[in-house]
Amino acid sequence: MIFPASISAPFVPDASSLAPFAGELVLVGAMISVLLAAFFTKGRPNGATAIVTLVGLVVALGAMVFVHGGSVVTGFFFHGMLVSDALAVAWKGMLFLFVIGLVLMWVGTTGPSMREGDGPEFFTLLLGATLGMALMGSTTNLLMIFMAVELASFPSYVLAGFRKNNRLGAEASLKYVLFGAASAAVMVYGLSFLYGLYGTLQLEELAAMVGTQTASGVLLAVALVGFGVGIAFKIAAVPFHFWAPDVFEGSAVDVAAFLSVASKGAAVVLLLRFLMTLAHGVDYAASSPALSMGAVAVVVGVVGALTATLGNTAALWQENLKRILAYSSIAHAGYMVCALTLVVRNGAGELDTTAAAQSIVVYLAVYLFMNLGAFAVAGLVWRETGSETVAGLAGLGRRAPLMALSMTVCLISLIGLPPVAGFFAKLNIMVHLGRQGGWWWALVGAIALNTLLSIYYYVRIIRVMYFAATPGDAQPLRVSPIGATVAVLSAVKLVIMFIAFGPFDRLAGRWSTMLLEAPVERVSEAREMQTPP
């Protein structure tokens, strides 16, 4: 068919364009299947939709591995809206694996208490948020960045208040929506400034222009701050962390676990991609008057250090287990934000381009299991005792020894002590920061000091599990086998990752050499187009 000159032919993607995003396409199919499954189950749709969700996630992970198994498909697709590279594949693999564990955790913790008939809604929202978080790691287009963030956010708001008859849940959802709406407005304002300044939605072209053109430094700073506010909200970085403790406390334990890992991980990966692409653009003109990457590094480092310090300090006085884990997740987000300064450092061409990406990918992989295991044990105890406080864990070492041991392993990993993988994950970040010298040693000191602070409240939980007095009639806990399996496997994986950290670290290093390969090439091409002959 021939179209008139004023009408362009519709864009129809072919199989080669769709293949790199097979995982996302399967998630869309799983969402539809979950909604349809409710019509074919009589009276008990929750279990059926959980199985459909689990199958969909496994198929999504398998499809992604099948497509990228031999070599990662790298490039831009859908007119530059989405990008496929090793960073996107690594993040989506971790995300899908985590949500699979989360669904199994739901079966053993909050699933039995959920009102029959709410399952289809819950799992559709969960898959929708997962799809948005997967897309957050697969785009460098400003419009798509905003759409992906909102696709991840809107289902999360509903999930936070999904316990409809719970007052704390309703309060959590309302606070999350209000904070999210304000941060989204500021974020889109900053993104609109970036587009207005440089006339492009593609981050690679924008980065090249920042490095080769003179623009108003004040307007560029306003744009970057606006974007940073939106991402800081998702990470729960200071001073946009206020929502996290209340939302975690009011949410069901599985939703709190989802927000603690998936939401923060997606935002960190997106910020990693944004900063590294921008840094490569400025690298071609280090004297650019529009943007000082050194100043950006200082701001990112200060935010990371303050976030870690506030998270650990505030956790010292908490009694609710979910609030402790909420502040803990804020602290760990701070450690990862500190590692992001390595990306900015790379803009001056003074650091191996893979250091920041490798350290963050390794940390996310470890963070996934230690948080999943800790929340799984908290959920199992809540299901049997109805308590979400630290005191509710009293005597767990005698009432459920395997759960207490799994919790102990996860808490030691959260501290960052041997013999579990959290030790090497945190040490890896500190070593990379220390190699830069100068003020980067202050970040190393901040991480070390915060590690010492965190020992108090983590060890307090361990002390309660093994040494606190319990009522004389306290019976052994009959925990769900599926939930217990999630907790035990998480702990075992942390120990295995510690023992085999060398091979794991080398594998992450090899993958990191491919991270952002396509965006960096695009920056170079865009820069050549901006340079006059």
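Can you name every residue in the range 237-258 that is buried (at least 24 other Cβ atoms within 10 Å of the Cβ) and assigned to a helix (DSSP H, G or I)? Within the range 237-258, ALA244, PRO245, VAL247, PHE248, GLY250, VAL253, ASP254, VAL255, ALA256, ALA257, PHE258 meet the criteria.
For the range 133-143, the tally of residues that are out of contact with any strand residue (DSSP E or B) (no Cβ under 8 Å at 6 or more places or on another chain) and surrounded by 24 or more Cβ atoms within 10 Å (Cβ to Cβ) stands at 4.
Remark: pairs (first residue in the range 316-333, under 15 Å from LEU168 (Cβ atoms); second residue not in a helix (DSSP H, G or I); Cβ separation under 7 Å; 6+ apart in sequence or on different chains) = GLU319/THR389; ASN320/GLU388; ASN320/THR389; LEU321/GLU388; LEU321/THR389; LYS322/GLU388.
Filtering PHE179, PHE146 for residues that are within 24 Å of the chain's Cα centre (by Cα), surrounded by fewer than 22 Cβ atoms within 10 Å (Cβ to Cβ), touching a residue at least 40 places away in the same chain (Cβ under 8 Å) and within 18 Å of LEU275 (Cβ to Cβ) leaves a single hit, PHE146. Determine if the range 117-138 includes at least one residue that is more than 24 Å from ALA256 (Cβ to Cβ) and part of a loop (DSSP other than H, G, I, E, B). Within the range 117-138 (the criterion being more than 24 Å from ALA256 (Cβ to Cβ) and part of a loop (DSSP other than H, G, I, E, B)), the answer is yes, since at least one residue qualifies. Just one of the listed residues (ARG163, ARG167, ARG115) is crowded, with 21+ Cβ neighbours inside 10 Å and among the basic types (Lys, Arg), namely ARG163. Screening the candidates GLY379, GLY422, GLY437 for the property of being on the phi > 0 side of the Ramachandran plot, at pLDDT below 95 and of a type outside the set (Ser, Thr, Tyr) yields one hit, GLY437. If I ask for residues that are touching a Leu at 6+ places or on another chain (Cβ under 9 Å), farther than 23 Å from LEU321 by Cβ and modelled with pLDDT of 90 or more, which ones from the range 238-271 would you list? Matches in the range 238-271: ALA266, VAL268, VAL269, LEU271.
Yes/no matrix, rows are residues, columns are (1) aromatic (Phe, Trp, Tyr); (2) assigned to a helix (DSSP H, G or I); (3) farther than 22 Å from SER260 by Cβ:
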residue: VAL361; (1), (2), (3): no, yes, no
residue: VAL366; (1), (2), (3): no, yes, no
residue: ASN371; (1), (2), (3): no, yes, no
residue: PHE375; (1), (2), (3): yes, yes, no
residue: GLY392; (1), (2), (3): no, yes, no
residue: MET407; (1), (2), (3): no, yes, no
residue: SER413; (1), (2), (3): no, yes, no
residue: LEU417; (1), (2), (3): no, no, no
residue: PHE424; (1), (2), (3): yes, yes, no
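For ILE496, the conditions (1) modelled with pLDDT of 90 or more; (2) in contact with a helix residue (DSSP H, G or I) (Cβ under 7 Å, 6 or more places away or on another chain); (3) hydrophobic (A, V, I, L, M, F, W, C) are fulfilled apart from (2). PRO471 falls short on exactly one of the conditions (1) at pLDDT below 70; (2) closer than 30 Å to ALA374 by Cα; (3) assigned to a helix (DSSP H, G or I), and that condition is (3).
Please pick out the residue among SER387, SER328 that is outside any helix (DSSP H, G or I) and of a type in the set (Gly, Ala, Ser). Answer to the selection: SER387. Here is the figure for the range 27-58: residues that are surrounded by fewer than 15 Cβ atoms within 10 Å (Cβ to Cβ) and not in a helix (DSSP H, G or I) total 3. Applying a threshold of 8 Å to beta carbon distances and a minimum spacing of six or more residues, or different chains, the list of pairs starting in the range 22-35 at a residue that is closer than 17 Å to MET133 by Cβ and ending at one that is among the polar types (S, T, N, Q) and buried (at least 19 other Cβ atoms within 10 Å of the Cβ) reads GLU24/SER138; LEU27/THR130; ALA30/THR53; MET31/THR124.
Tell me, which helices (runs of 4 or more DSSP H) wholly within the range 161-236 include 2 or more residues that are under 21 Å from LEU151 (Cα atoms) and hydrophobic (A, V, I, L, M, F, W, C)? In the range 161-236, the matching helices (runs of 4 or more DSSP H) lie at 167-198, 217-235. Considering every residue within the range 111-124, establish whether at least one is aliphatic (A, V, I, L, M) and within 24 Å of MET276 (Cα to Cα). Within the range 111-124, none of the residues are aliphatic (A, V, I, L, M) and within 24 Å of MET276 (Cα to Cα). Count of the range 71-112 residues, restricted to those that are surrounded by fewer than 21 Cβ atoms within 10 Å (Cβ to Cβ), polar (S, T, N, Q) and under 20 Å from ALA148 (Cβ atoms), is 1. Screening CYS410 with (1) of a type in the set (A, V, I, L, M, F, W, C); (2) buried (at least 18 other Cβ atoms within 10 Å of the Cβ); (3) free of Cβ contacts under 8 Å to residues at least 12 places away in the same chain gives one miss only, at (3). Here VAL495 fulfils each of the conditions (1) touching a residue at least 40 places away in the same chain (Cβ under 8 Å); (2) outside any loop (DSSP other than H, G, I, E, B); (3) over 27 Å from the mean Cα position of the chain (by Cα) apart from (3). Candidates in the range 471-492 are the residues that are loosely packed, with under 13 Cβ neighbours inside 10 Å and in contact (Cβ under 8 Å) with a residue 12 or more places away in the chain; of these, the one that is nearest to LEU364 (Cα to Cα) is PRO481. Apart from one condition, THR307 fits all of (1) more than 19 Å from VAL247 (Cα to Cα); (2) modelled with pLDDT of 90 or more; (3) β-branched (Val, Ile, Thr); the exception is (1).
The values are calculated or read from the model by the stated rules, or taken from the named source; none is laboratory data. No experiment lies behind these values; they were computed from the predicted model shown. Neighbour counts are summed over all protein chains in view; Cβ atoms, including those assigned to glycine, are modelled from backbone coordinates with ideal geometry.
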